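What follows is a short report on a single structure.
Rule-based calculations on the coordinates, nothing more; no lab input. Everything numeric here is computed off the predicted structure, so don't read it as measured data. Note that each Cβ is placed from the backbone with ideal geometry, even for glycine, and that neighbours are counted across all protein chains shown.
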There are 2 protein chains.
Amino acid sequence: MHATRQVAPSMGACQTCGLRHRAVCAALNDTELDDLQRISHRKSFEAGTTVALEGEPMDYFANILNGVVKMTKTLADGRQQIVGLLFPTDFLGRAFVTEAPYRAEAATDLELCAFPHSSFEQLLHKYPQLEHRLLESTLSELDTAREWMLLLGRKTAEEKVASFLHLLTKRADLSAPCNANQDGPLRFPLPLTRTDMADYLGLTIETVSRQITRLKKQGVISLVDSRTIEVAALEDLEDISGG
Amino acid sequence: MHATRQVAPSMGACQTCGLRHRAVCAALNDTELDDLQRISHRKSFEAGTTVALEGEPMDYFANILNGVVKMTKTLADGRQQIVGLLFPTDFLGRAFVTEAPYRAEAATDLELCAFPHSSFEQLLHKYPQLEHRLLESTLSELDTAREWMLLLGRKTAEEKVASFLHLLTKRADLSAPCNANQDGPLRFPLPLTRTDMADYLGLTIETVSRQITRLKKQGVISLVDSRTIEVAALEDLEDISGG
DNA sequence: ACTGAACCTTGATCTTGGTCAAATGCCGTG
DNA sequence: CACGGCATTTGACCAAGATCAAGGTTCAGT
């Protein structure tokens, strides 16, 4: 359903990969990249599939080539919270521990460029600039997480939903085919179900649905179908999302 | 008021510092540590003082020797959220950028072991194991932030307050003098005002106050005074906090 | 001891978002 | 086409926590 863009590398062709200068690989020069290429392999998951279980070993790292990964935490009674989304170019996997710290699930159909755990850690050791890059990407993940803490703790339901849609407008070019560069209103598919959106925003599906209806009535967005958004007034969306 | 423990190093004595093997310094051996010692200096702040402003340059990094730092984000209309607390042994400052990403404020009286920005970055370059340590500490900050996202998005007011108190029982030995190793109920001072607790938990001060009263009535905790907690039933506190 | 400011607690009331329930729409399959 | 399952929407009602409004405590400064 998703995943039709041609940014993905053909096997063994890191040099020409669309992510070459945007994912962790950017830390390496062409020669060094060969080392990475040698250990890389493709992996795909269907939407809804579990990629890693909390506390269970995960034997590889990966760049997201295509699709969206959700990382979730769960309370004993089943309440769930999505604690992070990974988009194309993002790095999946936790260095220096074998157990995954959260459950990772394919929110959409997914393509990964994967590296076996131990081989990749050897490369981290061999190339400090790779580890440096990982530190920088971890720091920016931390910023994102804290931005979301502000949303979860202090924003209203309307601001939350608007913030999420606004986030997607910024990452839509990455997460799905879209008309970002064309004229007319910005249109893109939602990578998450209403349930997932609720779990990401700390709301219920009913509230998410009502707030979407509300934004629709205000003329800020419209729905092509229930999973395809068209942003009519990006400025307004940004205003409503509250900074 | 706080800050009476003797873990702090005397100036120029990293080797005998109580944090030697617990803070970032642990990444370096005794010889390498001299390099760090040479650039280190003490800094103190009074409770309530601003340590760094969001978006403003911060010209040093620091280990927390004593006290607690709160990092906050604010919406345009003044709504606030504390997005992280730093306790003794934690590392303050963001590598590779000069601007602080959040406002940092001394929640209690504070003592820091500070390193000038550029000198420290030179050491990061010289000693990859120091950068490695920084990556590990950033990853654990990320875990903490995501744990808090679950709390903010999905826990009830009672669970939130219990979780915070439970967190303190785990870090009380770090944040303040306490009787953790003695017999009897665990007693420690709260490093935050009710307002700060509310900003950390995504609640109002009234709700925080009511939930504390509630826990008191249940016999889980008692208040020596409004800023000193005694945990009567640690098990119960853990249960209520919801895993 | 008196005063004012901060901080904390408590009560009464209101509102936002949750809960419960039902209806609608959208496939994919027999 | 009819059926069943799933995602989404909508409505009616409810409750957790926010808001508004007093009071109480503590403490520094006079």
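Tell me which of B:132, A:140, A:165 sits at the most positive position along the dipole axis of the protein assembly as shown, charges placed on C-beta atoms (Lys, Arg +1; Asp, Glu -1).
A:165
Over all pairs of distinct alpha carbons, what does the Kirkwood formula give as the hydrodynamic radius of chain A, in Å? Kindly include the intermediate steps, with their values, before the conclusion.
Details: mean 1/r = 0.0529 Å⁻¹.
Over chain A, the inverse of the mean reciprocal pair distance is 18.9 Å.
Under unit Cβ charges (Lys, Arg +1; Asp, Glu -1), what dipole magnitude, rounded to 20 debye, does the range B:155-241 have relative to its Cα centre? Provide the component values of the computation, followed by the final result.
On the way: 11 positive and 13 negative charges, 47 e Å.
The dipole magnitude comes to about 220 debye.
Measure out, as a whole number of angstrom, how far apart the alpha-carbon centroids of the range B:212-243 and the range B:104-152 sit.
Cα centroid of the range B:212-243 versus Cα centroid of the range B:104-152: 31 Å apart.
Using the charge dipole of the protein assembly as shown (Lys, Arg: +1 at Cβ; Asp, Glu: -1 at Cβ; taken about the Cα centre), state which of A:193, A:208, B:116 has its Cα farthest towards the positive end.
A:208
Using the charge dipole of the range A:10-102 (Lys, Arg: +1 at Cβ; Asp, Glu: -1 at Cβ; taken about the Cα centre), state which of A:72, A:95, A:37 has its Cα farthest towards the positive end.
A:72
Largest first and in whole Å, give the semi-axes of the range A:70-161's equivalent ellipsoid, each being the square root of 5 times a Cα gyration tensor eigenvalue.
On the way: eigenvalues 157, 53, 33 Å².
So the three semi-axes of the range A:70-161 are 28, 16, 13 Å.
Within chain A, which whole H helices from DSSP have a Cα span along their axis of at least 27 Å and a mean Kyte-Doolittle hydropathy of -0.5 or more, if any?
Working: long enough: A:128-154 (39 Å, -0.35).
Helices meeting the span and hydropathy rule in chain A are A:128-154.
Skipping prolines and chain starts, which residues have an amide H placed within reach, meaning under 5 Å, of the one on residue B:228, given they are 5 or more residues away or on another chain?
Sorted by chain and number, the residues that satisfy this are B:190.
Would you list which lysines come within 22 Å of residue A:43, measuring only between C-alpha atoms, while excluding same-chain residues fewer than 8 positions from it?
A:70
Neighbour counts of other C-beta atoms within 10 Å: give me B:143, B:199, A:30 arranged from fewest to most. Before the final figure, lay out each step's value.
Details: B:143 15, B:199 25, A:30 9.
The most exposed by this proxy come first: A:30, B:143, B:199.
Bins of 10 Å, beginning at zero and ending with the bin holding the largest distance: percent of Cα pairs per bin for the range B:155-241, please.
Whole-percent P(r) values from 0 Å outward: 19, 57, 23, 1.
Which of B:120, A:96, A:45 has the fewest other C-beta atoms within 10 Å, and how do the rest follow up to the most? Show your work: numbers first, answer last.
On the way: B:120 21, A:96 11, A:45 18.
If I rank by nearby Cβ atoms, fewest first, I get A:96, A:45, B:120.
Report the charge-dipole magnitude of the protein assembly as shown in Debye, nearest 20, computed about the Cα centre from +1 at each Lys and Arg Cβ and -1 at each Asp and Glu Cβ.
Working: 52 positive and 66 negative charges, 161 e Å.
In debye, rounded to 20, the protein assembly as shown gives about 780.
Sorted from largest to smallest, which semi-axis lengths in Å does the alpha carbon gyration tensor of the range B:14-151 give for its equivalent ellipsoid, taking the root of 5 times each eigenvalue? Walk me through the intermediate numbers first.
On the way: eigenvalues 129, 51, 43 Å².
Gyration-tensor ellipsoid for the range B:14-151: 25, 16, 15 Å.
By what distance, in whole Å, do the Cα atoms of the range B:113-166 stretch along each of the three principal axes, largest value first?
Sorted from largest, the Cα extents of the range B:113-166 read 47, 20, 16 Å.
Under unit Cβ charges (Lys, Arg +1; Asp, Glu -1), what dipole magnitude, rounded to 20 debye, does chain A have relative to its Cα centre? Mind dumping the intermediate values first?
On the way: 26 positive and 33 negative charges, 83 e Å.
My answer is approximately 400 debye.
To make sure I understand, if each residue's beta carbon is the centre and we count other beta carbons within 10 Å, what order do B:102, A:127 fall in, fewest to most? Spell out each step's value before the answer.
On the way: B:102 23, A:127 17.
By the 10 Å Cβ count, ascending, the order reads A:127, B:102.
With each run of n ≥ 4 DSSP H residues scored as -39500 (n - 2.57), what mean residue ellipticity at 222 nm is computed for chain B after dividing by its residue count and rounding to the nearest 500 deg cm²/dmol? Write down the numbers at each step before the final one.
On the way: 7 runs with 95 residues, N = 243.
Estimated from H runs of four or more residues: -12500 deg cm²/dmol.
Taking amide H positions as placed 1.01 Å from N in the peptide plane, with prolines and chain starts having none, which residues 5 or more places from residue A:186, or on another chain, fall under 5 Å of its amide H?
Counting only residues 5 or more places away or on other chains, the set is A:231.
Over the residues of the protein assembly as shown, compute the C-alpha Rg and express it relative to 2.2 N^0.38 Å.
On the way: Rg = 23.6 Å, N = 486, 2.2 N^0.38 = 23.1 Å.
Dividing the Cα Rg of the protein assembly as shown by 2.2 N^0.38 Å gives 1.02.
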